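Below: one structure, written as structure tokens.
Derivation of every value follows stated rules applied to the coordinates shown; laboratory data play no part. These numbers were taken from a predicted model, which means no experiment stands behind them. Cβ: placed from backbone, ideal geometry, glycine included. Neighbour counts: every protein chain shown.
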Amino acid sequence: MEATTATKQDQPQPKVTDRKKAERKLAYMLCAPAVTLMILVTGFPIAYAFYLSLQRYDLRFPDDKEFVGLSNYVDVLTSQTWWSDVAVTLFITVVSVSIELVLGMLIALVMHRAIFGRGPVRAATLIPYGIVTVVAAFTWKYAFDPTSGFVTSLPLVPDDYAPLSDQPGSLLIIILAEVWKTTPFMALLLLAGLALVPDELHEAAKVDGASAVQRFFRITIPLMKPAILVAVLFRTLDAFRLFDSAFIIQPGGANGTETVSILGYNVLINRVNQGLGSAISILIFIAVILIAVFFVKALGTSTAQQRGEEPA
Amino acid sequence: MPARAFVGVVLSLIVAFTAGCGGGDEGGGSRTINWYVFSEPGGAYDAAVATCNKQAKGAYKIKYVRLPTDANQQRELLVRRLAAEDSSIDVIGMDVIWTAEFAQAKWIKPWTGANERAATEGKLKGPLRSVEYKDQIWAIPFTSNTQLLWYRKDKVKTPPKTWDQMIDQAVKLKTSIEVQGRQYEGLTVWVNSLIASAGGQIVDEDGNVKVDGTTKQAAEVIKRLADEAPPPGLTTNAEDEARLGFESGRSAFQINYPFIYPSAAEVKDPKDFQKKIGWARWPGVKEGTPSRPPLGGINLGVSAYSEKPDLAFRAARCLAQPKNQIVATEKGGLPPTTESLYDDKAIKKVYPFGDLIAESLEDAAPRPINPAYSDISLAIQKTFHPETDIDPDGIQSKLENRLDKAADGKIF
Amino acid sequence: MSGSSNTGPDRVKWSIAIAVVLLYALIPVAWMISLSLKPADKLSDKAFYSGIDFANYEAIFKNDDFIKALINSLGIAAISTLISIVVAAMAAYALARLDFAGKAVILSGALAVAMFPPISIVGSLFDIWRSVGLFDTWAGLIIPYLTFTLPLAIYTMSAFFREIPWELEQAAQVDGATPFQAFRKVIVPLAAPGVFTTAILVFIFAWNDFLFANTLTSTNNARTVPAALAFFTGNSSQFEQPIGAVSAAAVVVTVPIVIMVLIFQRRIVAGLTAGAVKG
């Protein structure tokens, strides 16, 4: 929590204006490529998407292209499909991030407090991180396949259990794949947060007779709040744009698993309806902004005095 | 801000990217004809390419560019390129359902004169219908495909003629019926043939929605199957899951393409599995009314953006010649589109059920011939999936509603 | 280590906890490996071990599409990593070290990009790419990968850069070196470990991407492995599902990354958490 402000104070500020100018010039030159790339490949396309979203523009009927104002938005926002997809997306997001938070915390605690075996645990948790999302999705899909997956051969699981046949089962597997793949990231962020909780506080509370559970909820959690919020923010945004695993596990968003990203893909790429699809793209963009603002506000109030600029 | 440096960096980056690694050109020599078609695993298309390149004697050289096997994925990839007016595509291996879309978008050239005659001569009716749109011919039929009813001769005495009979038998035998129930093109294939077999139509060529009471009849069949004789994973099974399910012995009936027959020879348990398999025409919906089996296959079209259309037409005609069709049957299990080939010895050897295939193709029901076909198909899939939740009473209006929205380019 | 007791029950408890974590992480991997080695006729036996057959591996290494996709993946990920690291290192150095107006803007801009939903631009990128000829090329994927890895790279590297003993640089400057010389001669070697860590993270990102790889390519000209996997073809029939081949390909693309992750696990942990801890 100390770095940004501290570094600034540590550095002797150059007094000479020429030097300062040179430094500033260098800084701009150094930042220019990165800034350009980031603006060029996000700012321009999003503006172009907005432009497209105001057109009737289907690549199959290029002659019918015309300006239609906001009617694509009206079409999307008044459709049942959009809202049920939003609901599915939010459901997956909330459930998977909650599970990840709890699991991640448990793994972080195991790693933090382990008497032994810390290395293997860290190594094991990093494996899902290193595995390509598409691969992980295939693995889970195959594992639950009723003809060849091992899951149906487990005790207590009916032989013809085919979770991908219905919505609850499909969502379960998508969430499972998501949770499995991203919990390590969560655990590592939380572990970093745990490291910031001073042991003395725990010892003091112990002396006062607080139980381990009490200490966890009264000391650890409040002190970790910024770390938790940052981790949850990033995972929430990630889960909200869920695409890869849903695409593999239920192609086309079948069985009520269509997330907003899958809908956008279907309209843009499969139906090649650039106008309508772009309206969906812009709406997803707005939704992401709303979520981010919500969290940043929460972060702001919980760490009013700290600068929340660091998560990566 | 040092503007010059900024602009300089941007420009050099762009130049570096586009020049350095932008080599997307695969046109090759001016005599290279790029043929985009799904990756045929049996080597039949490779053989066809080799044959034609030999016959061409240097006039052209066909390059086989492989697409995925899933029709939807093939289409996605092709549409992206065609919409980009990509001149690297010369000949397109088109699924039978794309004709109207590609023709309407002016992505393919019509076949006229001698080319038209070559494309239509001696072809079976079903495949022929799939290359017609707005009174013009848009491709040459190459390979075809249709589904049969496959059953276990050791369990089923007389093969059923209708879906209802089949479900009755399955219930009695405590077995299930393997179909394609996943939300994908295969479901549209099923629904379309059910509706056509009941005497209906979904959309006509002018895009008018023609949904009527036959939709409910189709829905009733599907729902009944889902309730009374569903295989595990009904709503996620595609062709291959159906094959595996049938081979595993869990089902005595299977609706599928002929590729399952050679595959059955590989089954080790039970012994002689292939000999236990019987075949019959795709079941009907109404007793006494012959069914309208599905129609699949690949037609060869010529891209409107090809820089050498004359060579492309020649190459397509060569690829689709009877000799190559026979190889496609032998190596890839793909039925010919030329009628006379069904009397050929080589075909009879691979296809003991060849006559049944020819008969099925003659009566096959094409899926809607419409430029917005992919939207229509998606609307059908969404309406009939999951099969377990189908409500036959409300399905007609649901389908109409979705089809209307699809036609208007709206979300559904 | 904060564990204070080392008694029997505690050891048992921890052993169980550790075993659970290990199982959680490893079961799916084991299943993928098992499927990839399964003889074709045992595919439906649902067992983790049913003999070893390398047929699937032979098949994918004879599969032109897979080989090309592997080359594309390696090339695209490597080039993206290289450029991203250079570009981000420059920016991170400026952010960590130099004093200039607009730092906060750049940092929050990068943060915004990190949160940016890629699906929102694939449609227009597709449209733009096909009109400028970047569609289905390496560059067409490298450019978005750069954009979306830059925030991660900038944050991670600036976190590392802050820990570098800057007195050395100042000493160099006192000796008459320009800021740029000081950067190149003194800081770059010191920064190497941080840069390396960041490179791993960036590489993993590019290696992992599916959305762009899927939408901005259409042939094995530029299609990377994740997208190729989704389009994988069966070996014997158009309709056959290539479970074994997909699994083998999945193992092939997974193993190198997992090995890399395991070798550099300390660095990766440091990299992933660098931002959060110092925040």
- Query: If R0 is 35 Å, what FRET efficiency do you get for residue C:47 and residue A:98 from their C-beta distance, rounded to 0.05?
  - Reply: 0.55
- How about the stretch A:118-176: which trypsin sites (Lys or Arg not before Pro) there lie in a loop by DSSP and see at most 13 other Cβ atoms within 10 Å? none
- How high is the relative contact order of chain A, in percent, counting Cα pairs under 8 Å that sit 6 or more residues apart? 26
- Can you spot the lysines whose alpha carbon is less than 22 Å from residue A:206's alpha carbon? Ignore those fewer than 8 places along the same chain. A:225, C:13
- The long-range amide H neighbours of residue B:296, using H built 1.01 Å from N in the peptide plane and a cut-off of under 5 Å, are B:145, B:146
- Within the stretch B:180-217, which residues have the backbone N less than 19 Å from the label spot 7 Å out from residue B:287 along Cα→beta-carbon, could you tell me? B:197-199, B:217
- Please build a GNM for chain C, connecting alpha carbons under 10 Å apart, and tell me which residue among C:157, C:32, C:115 fluctuates the most. C:115
- Between exposed trypsin sites (Lys or Arg not before Pro) in chain B, where DSSP calls loop and at most 10 other Cβ atoms lie within 10 Å, what's the longest gap? B:272-412
- Item | Computed label-point distance, nm, for sites residue A:65 and residue A:293 using a 7 Å Cα→Cβ extension | 3.2
- Charge dipole of the protein assembly as shown built from unit charges on the beta carbon (Lys, Arg +1; Asp, Glu -1), centred at mean Cα; most positive-end Cα among C:34, B:167, A:111 is A:111
- With point charges of +1 on the Cβ of Lys and Arg and -1 on the Cβ of Asp and Glu, referenced to the Cα centre of chain B, which listed residue (B:103, B:350, B:35) lies farthest in the positive direction of the dipole? B:350
- Which value in deg cm²/dmol, rounded to the nearest 500, describes the helix-derived mean residue ellipticity at 222 nm for chain B, given -39,500 (n - 2.57) per DSSP H run of n ≥ 4 and division by the residue count? -13000 deg cm²/dmol
- Message: Using the Karplus curve 6.51 cos²θ - 1.76 cosθ + 1.60 with θ = phi - 60°, what ³J(HN,Hα) values do you get for each residue of the stretch B:199-207, in whole Hz, with x for Gly and Pro?
- Response: x, x, 8, 9, 9, 8, 5, 7, x
- Is the shape of the stretch C:1-126 rounded, prolate or oblate, going by the alpha carbon gyration tensor and its root eigenvalues a ≥ b ≥ c, with a/c under 1.5 for rounded and a/b larger than b/c for prolate? oblate
- Message: Using the Kirkwood formula on the Cα atoms of the stretch B:200-308, what hydrodynamic radius do you get, in angstrom to one decimal?
- Response: 17.4
- Message: With +1 assigned to the C-beta of every Lys and Arg and -1 to the C-beta of every Asp and Glu, and no other charges, what is the dipole magnitude of the stretch B:167-229 about the Cα centre in debye, to the nearest 20?
- Response: 340
- Just from its helices, what would the mean residue ellipticity at 222 nm be for chain A, if runs of 4 or more DSSP H residues each count -39500 (n - 2.57) and the sum is divided by every residue, rounded to the nearest 500 deg cm²/dmol? -22000 deg cm²/dmol
- residue A:203 versus residue C:259, label points 7 Å from Cα toward the beta carbon: distance in nm? 4.6
- Item | lysines with Cα under 16 Å of residue A:65, excluding same-chain neighbours fewer than 8 positions away | B:106, B:410
- Item | Residue with peak Gaussian network fluctuation, chain B [Cα springs, cutoff 10 Å], from B:306, B:144, B:340 | B:340
- Item | Peptide-level mean, for A:178-185, of C-beta atoms on other protein chains within 10 Å | 2
- Item | Relative contact order (%) - criterion: Cα under 8 Å, at least six apart; region: chain B | 26
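About the Cα centre, and with charges only on the beta carbon of Lys, Arg (+1) and Asp, Glu (-1), how big is the dipole of chain C? Nearest 20 debye, please. Could the numbers behind the result be given before it?
Values: 17 positive and 16 negative charges, 98 e Å.
Roughly 480 debye for chain C.
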- Taking amide H positions as placed in the peptide plane 1.01 Å from N, state which residues far from residue B:108 in sequence (5 or more) or on other chains have amide H under 5 Å from it. B:304
- Note on the structure: Restricted to the protein assembly as shown, the DSSP antiparallel beta bridge percent, nearest 5, is 65
- Nearest-20 debye value, the protein assembly as shown charge dipole, Cβ charges on Lys, Arg, Asp, Glu: 1940
- Simple spin-label estimate for residue C:61 and residue B:30 in nanometres, 7 Å along Cα-Cβ: 4.3
- Too-long pairs where the Cα-Cα distance tops 21 Å, listed order kept, from B:382/C:46; B:268/C:38; B:125/B:382; B:223/B:405; B:216/B:398; B:157/B:268: B:382/C:46; B:125/B:382; B:223/B:405; B:157/B:268
- Message: I'd like the Karplus ³J(HN,Hα) series for the stretch C:214-222: coefficients 6.51, -1.76, 1.60, θ = phi - 60°, whole numbers in Hz, and an x wherever there's a Gly or Pro.
- Response: 7, 8, 9, 10, 9, 9, 6, 4, 9
- Task: Starting from the amide H of residue B:63, placed 1.01 Å from N in the peptide plane, find each other amide H under 5 Å away whose residue is 5 or more places distant or on another chain.
- Result: B:33, B:34, B:35
- Message: Can you find, among C:261, C:77, C:177, the residue sitting farthest towards the positive end of the charge dipole of chain C, where Lys and Arg contribute +1 and Asp and Glu -1 at Cβ?
- Response: C:177
